[in-house]
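Encoded as structure tokens, the structure appears first; notes follow it.
The values are calculated or read from the model by the stated rules, or taken from the named source; none is laboratory data. None of the values given here were measured: they were computed from a predicted structure. Please note: Cβ atoms are built from the backbone with ideal geometry, for glycine as well, and neighbour counts cover all protein chains shown.
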Amino acid sequence: MGLKMSEILLIMAVLLLLFGATRLPQLGSSLGSAIRNFKRGFSDEGSSSDSDEKKPSGTLASNGTVEKDATARSTSHQG
């Protein structure tokens, strides 16, 4: 129950009337690059999550508390 040739031609004619002959190649190009970037984002996300380890933002002290390096951040917030 796919699209027949006459239906495809009708859709193409409507798109041509709506967007014009100059905008259709630009729309196709931008749609293709968007799909490529979308696929690349998924493939990069899967490979980078396996290889990258999450590093803690602070160091664990001997008593079990986390000591964060806040000296650089706190100097700009002192009033």
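Each row is one residue, and each column tells you yes or no for (1) part of a helix (DSSP H, G or I); (2) free of Cβ contacts under 8 Å to residues at least 60 places away in the same chain; (3) touching a Ser or Thr at 6+ places or on another chain (Cβ under 7 Å); (4) not aliphatic (A, V, I, L, M).
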{"position": "6", "(1), (2), (3), (4)": "yes, yes, no, yes"}
{"position": "12", "(1), (2), (3), (4)": "yes, yes, no, no"}
{"position": "21", "(1), (2), (3), (4)": "no, yes, no, no"}
{"position": "27", "(1), (2), (3), (4)": "yes, yes, no, no"}
{"position": "35", "(1), (2), (3), (4)": "yes, yes, no, no"}
{"position": "43", "(1), (2), (3), (4)": "yes, yes, no, yes"}
Within the range 43-67, take every residue that is among the hydrophobic types (A, V, I, L, M, F, W, C) and surrounded by 10 or more Cβ atoms within 10 Å (Cβ to Cβ) and give me the one that is modelled with the highest pLDDT. 60
Among the numbered criteria (1) touching a Leu at 6+ places or on another chain (Cβ under 7 Å); (2) modelled with pLDDT under 70, which one does residue 15 miss? (2)
